[in-house]
Every structure is written in structure tokens, then in C-alpha cells.
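Visitor: The structure that follows is given in the form of C-alpha cells.
Where a number appears in this text, it was derived from the coordinates with a stated rule and is not lab data. Just so it is clear, the structure is predicted and the values come from calculations on it, not from any experiment. Neighbour counts run over all protein chains shown; Cβ positions are idealised from the backbone, glycine included.
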Amino acid sequence: SSGINAEYGGWRRWWADGDWGRDRVIGRWTLGIYGASSAAISTANQQPTTMSVKVHSPNVVYTEDCIESRYEYNTTSVSVNSDGSYSAIPRTNTMIFKTDTCVPKLGMMLVGLGGNNGTTVTAGILANKYNMCWNTKEGEKKPNYFGSITQAGTVGLGVDARGEEVYAPFNKLVPMVHPNDIEVDGWDISSMNMADSMERARVLDYSLQKQLRPYMEKMVPRPSIYCPDFIAANQGERADNVMTGTKQEMMQKIRADIRDFKQKKNLDKVIVLWTANTERFCDVTEGLNMTAEELLNSIQNNEEEVSPSTIFAVASILEGCTYINGSPQNTFVPGVIELAEMEGVYIAGDDFKSGQTKYKSVLVDFLVGAGIKPVSIVSYNHLGNNDGKNLSSPKQFRSKEISKSNVVDDMVESNKILYADGKKPDHTVVIKYVPYVADSKRAMDEYISEIFMNGSNTIVCHNTCEDSLLASPLILDLVILAELCERITVQLDSEPQSRRFNSILSILSYLLKAPLVPAGTPVVNALFKQRSCIENIMKACIGLQPGNHMLLEHKIGAPLQQGFSMSTQANLMKHATTTHSVLKTKNQHSNGQTHGHVKTPSQ
């Protein structure tokens, strides 16, 4: 856009589309920082997006509508010999990543729109879009997208001329949909308008709710499927907005709703996400849902054991819409997976990973990686929102217990020294419903581990999880990353045709408790590995290698095609003025020595 353009202090300020914005150029990368108004960030349908991170390499080509990257994927093949020794062979596969840079106009349809998560994520989008500020006893608060890796996370790109790491916003690596531009719709068994549902949820400050009410009171969820056998009996009092007819008729109604939303909002894509009540597990049997044909026939025949979440999944797949399961039930029966593969549609699940389980996947990874053996993990929760009320029913709790209990398995299996006998840690999960605490879930954990010389170590922690405020950014990340995956193809050097990702989007495992993965694929629950997967695939799209954290240019003090030397006078001066070199501790002498060791600039 044309407008005022001023540059000062390393920052360039500009006026465009009715709002101020600014950006800063660091080396070869431009880090864009956008204003909060919807006008400044809105995009027309299918408009190419300006690159915020541009890689200068013969292996990367930028065109008007795509980024093409020639990428070397390095792996290691390992075999264990009969004597217990290991044989390792490095492998390299050349691939071409192609990313469509035309960002679509995206719609998000939530099953459970009127619940705590649905109202909170909708309110968050509106508050950010219209830059709503509100006052609390701590002062003025401003909207943000904290908790979202795409909106508040950064990625290390490389080093600058001084040898310091440069971090770029995650969403500047490749063009992504901005949350403020997402249109929201969905279904709920409650007919309450979104403003009243937001008030009922007791998540957001009341002064913010007052600003949001004019927008949200006009939003009423579409009727949803209510099958009392699949959720707790205590949900019946909310069920005044339900579909009628056979399961086939309800599936067709869902498909019509998706088309209606897409047409009315002039959308390019719709992604459907389940954030409704946890269901009990459904039966998985021959003749019912083992194949796509069986499942479609079962829906046609109105079989009782076909769950509402499975009906939503089938309807979404038949409409060509990615479907994400944010609850722990077994929505993705074999027939759903086969149908998704047949239709070339993405699915992802299961169960948002936002609080206690996320913490657990970090702590157990740390303990096992440190050579410490966790032998007992006891996790207790109590919460008072509708999720907790539904989980007070034993069948629904069992679904949640399964998704929470398997989170440590891959970390335990990674260390045969600690777990030579193959025995896993004792692992117990308890969830209780306490209405008073509402959405402010309490999580308490005890980790008992065996340490050196048969000693014992116990870690006890308390975590207050603002349930919906933690889950809402995950919903946005799941939808934004799933949409991005729809625009990426990969071609092996040895093949004439490009491939899409597998229909099961295991790349989204970082955001989910019980990751759904393709058959024969290892399940990874360790949090940092999961995040690295997303980050490194994004880097591959622009021809950058994974971060290795070796920092060899510092370790060996030699220039490594960085355009600088770690022994230059400028670098020495940089280190000489840092806090750790200036301040002296009681163990440090005036000559910079600490306990007899000289601290060099690279240490």
C-alpha cells in the first residue's frame, strides 16, 4: 500500500491501510511487526504474501506464488549386532519442498462452539482483531496471543555478524493465516448465544466481556448431535439445540452447514475441530467401522455405536475439510482413517495438550535424558468447568485416562539402561469435579525416581491451569498449521511426482496428548522433539538446515563461512562488556580467573 514511510533508529515506520506498522531489518531477514487493527492485517482471498524471512541460496527459489527449496534430509540407519554393538550408516535423501504462498481466507468450525474453549477462542480473536483493552485491579490489559507457537513463538535462524543468534517470529518463516482473519462458526447442543455462554464460562474479565457482548450476542451455534449414551447424563440439561433424524440425515445436515458457512463468508477453506465433550470409547469391530465402506454403511443403517464425533469427522472428510479431534475419545476408527486417505483429506488428534500433560512430557524427558529413572508418577486434577462435570462420569473419564497415561511411553523406551527389564513406571491419573474452581484447574503431581547408588528422589509440583486460556491458543495453532500443511508438497529426487503429507498429520503432535500417527510410525511424546519437528519442517520449506546447537564457531574459535572471526577485536570487546565479565563474585579475582580457570571470550 502507498503511504507515509519513515526510517529512524534502525526501525522503519509506515502508514498503510489506516494503521501504523513497523519493521526492523536484521541482516538478511526482515522481522515484520504489525499493528493490531483488522485493517492492517487483513488479506484478500488468495493474495500472495510478502516474505518476511528470505533465504539467499541457489537451493531456494521464490516465485510469485510459491517457495521451492532443494533440501538434503540426513538420517542414520542403525543395526544392533549380535554382540550388542551398533552399526550406523549415514543416509542422505534429496527432496524438493514446494510451499504455496497464497494465504487463503479461512473458516474454522468448532464442534462445541458454545463451550468454554469455543467462547474463549472466539472472544480472543475478536479482542485482538479490534484491539480491545480492559482494566483490572492490576491496571490496563491488552489482548495478545501468548501461548500460541505460531503467534508468540520464535525460531533461531542463524547467527549475525557478531556471532549472536538471530530469532525470527515463527509465523514469518512461511506465509500463514493470521488468527484475526479467521472466520468462526460451529455447532453446540446448547442454544445459548455466545455472549451468554462466555459469561457462563467465567473465564474472561467482566470488563472485557462487556466490550465483546455486542459482537458475540449475535452469534448462536448451529444445532449439534446429541447422543446421551456417548456423554455423561449430566449434560442433558444443556441439550436444547439438537439435530433430529437418522445419523445419515444428521451427517448430511453437517455437510450442508459447512457449505453454507463457506458460501456466506466467501471462504477458500474450512477446517473443522472438535472441542466438545469427551465421549466414551466406541466399539471397533468387523462389520461396523473397520473400513470406510463399513462405516458409511453403518451411518446409513443408523447404527447406535457410531459416535457423534465420528459422524462429524466423516461429514468433514466428505466435504474435503481437515478434521481435528481435540478430545480423547477414539473418533478415528479404522474406517475414518481409510476414508481420509481415500479422499486425500487431513485428520489430526487426539486431545489438546495444554497443562499437566505438557509439563509431564517435559519433566520425564529431562529425567530420563539425565539418566534418572522415574518409577512412579501420580497425577491428580480437580476442575469445575463443564469438561470436569462430563468427566465425572466413569466412561468419559476412562477416555481421558487413556490419553493422559501413554504420554511417557516413548521416553521410557528410549533408555534400555534404565529400563532393562521393560517395566514401565507406575502411572496413575485422577480427575475430580469441584464446581467452585470453575475453569481454573488444579493439577498436582508426584514423581518418584531412582538415582545413584539406589537412592530415591521425589519431585512434587502444583500447577494451576487456566484451562480454556491454555487450550484456546492450541486450537488456533492446530488450525493454522493444518492449513499450512495443505499448501506444502514434497518431491523425492528419485520420483517424478510430488507427495503431500500423510493424511494423518502427525506433525501436530506437539499440541496433542495422544498423537495419532500413520501405521508403523513411532509415537513421539517428548515435547521438545515434537516442537523441533514443526520448526525443522518449516525450515526445510525455506532451505535451512535444522538447528544443531553445536556453536562450533565459538568452540574452536575459527571462522566458518560466517563472514566474521571469533577472535576479532570486535568480538572480544563484545564479551568484555557483558555482565558475566564485569561483575566479580567472591570466587573471582580481578584478573578474571575463577577458581584458577581463565574465562575466555568464547566460554
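Visitor: What residues have an amide H closer than 5 Å to that of VAL166, excluding those fewer than 5 places away on the same chain, when H is modeled at 1.01 Å from N in the peptide plane?
Guide: LEU157, GLY158, VAL159, ASP160
Visitor: In addition: Just tell me which aspartates and glutamates come within less than 18 Å, Cα to Cα, of LYS54; anything on the same chain fewer than 8 places away is out.
Guide: ASP23, GLU64, ASP65, GLU68, ASP100, ASP160, GLU165, GLU535
Visitor: Let me ask something else about it. Taking amide H positions as placed in the peptide plane 1.01 Å from N, state which residues far from LYS373 in sequence (5 or more) or on other chains have amide H under 5 Å from it.
Guide: Under 5 Å from the amide H of LYS373 lie the amide H atoms of GLU450, each far enough along the sequence or on another chain.
Visitor: Give the shape of region 189-289 as rounded, prolate or oblate, defined through the alpha-carbon gyration tensor: a ≥ b ≥ c are the square roots of its eigenvalues, a/c under 1.5 means rounded, and otherwise the shape is prolate if a/b is larger than b/c and oblate if not. Working shown, then result.
Guide: Working: a/c = 2.27, a/b = 1.40, b/c = 1.62.
Because a/c hits 1.5 or more and a/b fails to exceed b/c, region 189-289 counts as oblate.
Visitor: A follow-up question, please. Could you run the Karplus curve 6.51 cos²θ - 1.76 cosθ + 1.60 with θ = phi - 60° over region 126-135 and give me ³J(HN,Hα) per residue in whole Hz, x for Gly and Pro?
Guide: 5, 4, 6, 4, 9, 6, 7, 10, 8, 9
Visitor: Reachable aspartates and glutamates from LYS529, Cα under 13 Å, same-chain residues fewer than 8 places away excluded?
Guide: ASP365, ASP410
Visitor: Could you state the number of Å between the C-alpha centres of region 110-161 and region 484-498?
Guide: 33
Visitor: Scan region 123-204 for chymotrypsin sites (Phe, Trp or Tyr not before Pro) in coil per DSSP, keeping those whose Cβ has at most 16 other Cβ atoms within 10 Å, and list them by number.
Guide: Sites meeting the loop and neighbour criteria: TYR130, PHE146.
Visitor: Name the residues whose placed amide hydrogens come within less than 5 Å of the amide hydrogen of THR291, ignoring near sequence neighbours (fewer than 5 apart) on the same chain.
Guide: Residues meeting the criterion, in which the H sits 1.01 Å from N, are GLY335.
Visitor: Taking a ≥ b ≥ c as the square roots of the Cα gyration tensor eigenvalues, with a/c under 1.5 meaning rounded and otherwise prolate when a/b beats b/c, else oblate, which class fits region 413-538? Each step should come with its number before you reach the end.
Guide: Numbers: a/c = 2.98, a/b = 1.38, b/c = 2.16.
Taking the square roots of the gyration eigenvalues as a ≥ b ≥ c, region 413-538 is oblate.
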